[in-house]
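Peer 1: For reference, the structure I am asking about is given below.
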Amino acid sequence: KLKKNESKYNNNIIVTPKILHCDFEKSISNASITIFHNITIKYFVRHYKRSLEVQKNKLCYNEVENNHKIYLSNKALTNFPFINPEYIFDIYNHIKIICQIYNYFNFLNFLEYFNKTYLNKYDIQYWKYYNDINHITNNASESFNNYLKKLFHKKPSLY
């Protein structure tokens, strides 16, 4: 939308954001990369963890809650954004092998979801925060938006 309206509002303003913090939305990141070629995308960890929690509850809640090995494996997955990316695939494969040996079928389904969603669909560089913890939530931007709302009067209501 910025590029579309560029000629309409051309005041010699050039917008070149360096980092975009956003939800896990492929369309947002793809559009941002298309418009701003050198932008760095960073997905919010809270959304990552929440998505994993929802899927865990759907696919393997009892298996995780009743088995300490699986519980720890789940915790490892939820902390992947803070682990050196060089080790993520090794840890993932180790967890998968353990699940195959002990026949943790439900957790294997969860691992398949994780693999398709976070290891294949989203680039690890967009959701990893290892050695780069700046904003892992959108609290700062939400706070700023609330501040701006308070600065401007609301439109009068007819009701």
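The values are calculated or read from the model by the stated rules, or taken from the named source; none is laboratory data. All figures in this text were calculated on a predicted structure; none of them were measured in a lab. Cβ coordinates were reconstructed from backbone atoms using ideal geometry, including for glycine residues, and neighbour counts include every protein chain displayed. Protein only, heavy atoms only, side chains kept; ligands, DNA and RNA dropped before computing areas. Shrake-Rupley method; radii C 1.70, N 1.55, O 1.52, S 1.80 Å.
Peer 1: What are the residue pairs meeting all of these: first residue in segment 114-128, first residue free of Cβ contacts under 8 Å to residues at least 60 places away in the same chain, second residue assigned to a helix (DSSP H, G or I), Cβ atoms under 6 Å, and 6 or more apart or on different chains?
Peer 2: Qualifying pairs under 6 Å: Ile124/Pro85; Lys128/Pro81; Lys128/Pro85.
Peer 1: For the list (1) open to solvent by 70 Å² or more (accessible area, probe 1.4 Å); (2) at pLDDT 85 or above, I need the number of the one condition that Ile14 fails.
Peer 2: (2)
Peer 1: With open to solvent by 80 Å² or more (accessible area, probe 1.4 Å), basic (Lys, Arg) and either modelled with pLDDT under 60 or closer than 25 Å to Thr117 by Cβ (or both) as the only criterion, which of Lys42, Lys1 stands out? Talk me through it step by step, then tell me what you get.
Peer 2: Working: Lys42 fails: open to solvent by 80 Å² or more (accessible area, probe 1.4 Å).
Exactly one of Lys42, Lys1 is open to solvent by 80 Å² or more (accessible area, probe 1.4 Å), basic (Lys, Arg) and either modelled with pLDDT under 60 or closer than 25 Å to Thr117 by Cβ (or both), namely Lys1.
Peer 1: Whether any residue in segment 119-127 is modelled with pLDDT of 85 or more, among the acidic types (Asp, Glu) and open to solvent by 30 Å² or more (accessible area, probe 1.4 Å) is what I want to check. Show your work before the answer.
Peer 2: First, pick out the residues of segment 119-127 that are modelled with pLDDT of 85 or more: 119-121.
Imposing the further condition that a residue be among the acidic types (Asp, Glu) reduces the set to none.
No, because not a single residue in segment 119-127 is modelled with pLDDT of 85 or more, among the acidic types (Asp, Glu) and open to solvent by 30 Å² or more (accessible area, probe 1.4 Å).
Peer 1: Could you give me the residue pairs with C-beta distances under 8 Å whose first residue belongs to segment 43-66 and is under 18 Å from Ile95 (Cα atoms) and free of Cβ contacts under 8 Å to residues at least 60 places away in the same chain, whose second residue is of a type in the set (A, V, I, L, M) and buried (at least 16 other Cβ atoms within 10 Å of the Cβ) wherever it lies, and which are 6+ apart or on separate chains?
Peer 2: Taking only residues 6 or more apart or on different chains, the pairs are Lys56/Val64; Cys60/Ile70; Glu63/Ile70; Val64/Ile70.
Peer 1: Let me ask something additional. Does Phe114 satisfy the criteria of being surrounded by fewer than 13 Cβ atoms within 10 Å (Cβ to Cβ), assigned to a helix (DSSP H, G or I), aromatic (Phe, Trp, Tyr) and in contact with a helix residue (DSSP H, G or I) (Cβ under 8 Å, 6 or more places away or on another chain)?
Peer 2: Details: surrounded by fewer than 13 Cβ atoms within 10 Å (Cβ to Cβ): no; assigned to a helix (DSSP H, G or I): yes; aromatic (Phe, Trp, Tyr): yes; in contact with a helix residue (DSSP H, G or I) (Cβ under 8 Å, 6 or more places away or on another chain): yes.
Criteria not met by Phe114.
Peer 1: Condition check: more than 16 Å from the chain's Cα centre (by Cα) and without any contact (Cβ under 8 Å) to a residue 60 or more places away in the chain. Does Leu77 satisfy that?
Peer 2: Details: more than 16 Å from the chain's Cα centre (by Cα): no; without any contact (Cβ under 8 Å) to a residue 60 or more places away in the chain: yes.
Spelling it out, it is not the case that Leu77 is more than 16 Å from the chain's Cα centre (by Cα) and without any contact (Cβ under 8 Å) to a residue 60 or more places away in the chain.
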